[in-house]
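Structure provided below as structure tokens; questions to follow.
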Amino acid sequence: MDLKKYIRDIPDFPQKGVMFRDITTLLKEPGPFKYVIDTIVEKYKDQHIDKLVSVEARGYIFGGVIAYKLDCGFVPVRKPGKLPAETVSLDYTLEYGKNTIEIHKDAIKPGERVLVFDDVLATGGTVQATCKLIEKLGGKIIGCVFVSDLTYLHGQEKLKGYEVFSLVQY
């Protein structure tokens, strides 16, 4: 399926010079939305995933469904101050600035097999930080999965050592 025709390009968002790949147009179509989920589940169904970790906010839309279909737990990674229990956090750089993410300290048990999902791989900073948090808690990263990869931003370079899988490349 050609998913690119369901992803809208928005120039200069969230700031000038950034080409935003908007998946909300993909989400409103049941066929492409189902295709994304089914393709990811098919790839990882025999990998014995314990947790699927996803980054807010668009990552949650797919993440919960994928976790359900893989029969594993779902763990949200959030911006500071959004998670109610004790957290660990990490600062990182992204395509258009800096940010911090947090995960509950008890979200991942040592040795758990973790699949990381986000909607778009841009510079790789967010998912790299997510992987570092998971590993700090003792989790083993099985793969990093994306709907789309903005290859011209070289995000895979920050994720060297991890399996990276995406359905669409720009």
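Coordinate-derived values only; no laboratory data. Just so it is clear, the model here is predicted, and its values are computed rather than measured. In this analysis, Cβ positions are derived from the backbone assuming ideal geometry, glycine residues included, and neighbour counts consider all displayed protein chains.
Along the range 39-46, what does the Karplus equation 6.51 cos²θ - 1.76 cosθ + 1.60 (θ = phi - 60°) give for ³J(HN,Hα), rounded to whole Hz, x for Gly and Pro?
5, 5, 4, 4, 5, 10, 4, 9
Amide H of SER166: which non-local residues (sequence gap of 5 or more, or other chain) have their own amide H closer than 5 Å, using H built in the peptide plane?
Placed amide hydrogens put PHE146 under 5 Å from SER166.
What does the extension gain come out to for GLN156 and MET1, with contour length at 0.36 nm per residue minus their alpha carbon separation?
Net length gain for the segment: 53.5 nm.
Rounded to the nearest 500, what is the chain's calculated 222 nm mean residue ellipticity when only DSSP H runs of at least 4 contribute -39500 (n - 2.57) each, over all residues?
-8000 deg cm²/dmol
While we're on this one: If you wrap a convex hull around the alpha carbons of the range 1-125, what volume per residue comes out, as a whole number of Å³?
Hull volume over Cα atoms, normalised by residue count, gives 120 Å³.
A follow-up question, please. Could you calculate the FRET efficiency of GLU42 with GLN169 from 1/(1 + (r/R0)^6), where r is the beta carbon distance between them and R0 is 22 Å, rounded to 0.05?
For R0 = 22 Å, the calculated efficiency reads 0.70.
Excluding GLY111 itself, what net charge comes from residues whose Cβ is under 13 Å from its Cβ, given Lys and Arg +1 and Asp and Glu -1?
+1
Something else: Could you run the Karplus curve 6.51 cos²θ - 1.76 cosθ + 1.60 with θ = phi - 60° over the range 122-131 and give me ³J(HN,Hα) per residue in whole Hz, x for Gly and Pro?
9, 7, x, x, 5, 6, 4, 5, 4, 4
Report the full-extension gain for the segment THR100 to ILE10: residue separation times 0.36 nm, less the Cα-Cα distance, to one decimal in nm.
Answer, rounded to one decimal: 29.9 nm.
Read phi for every residue in the range 6-15 and hand back ³J(HN,Hα) as whole Hz from Karplus 6.51 cos²θ - 1.76 cosθ + 1.60, θ = phi - 60°, with x for Gly and Pro.
Each residue of the range 6-15 in turn: 9, 10, 8, 8, 10, x, 6, 10, x, 8 Hz.
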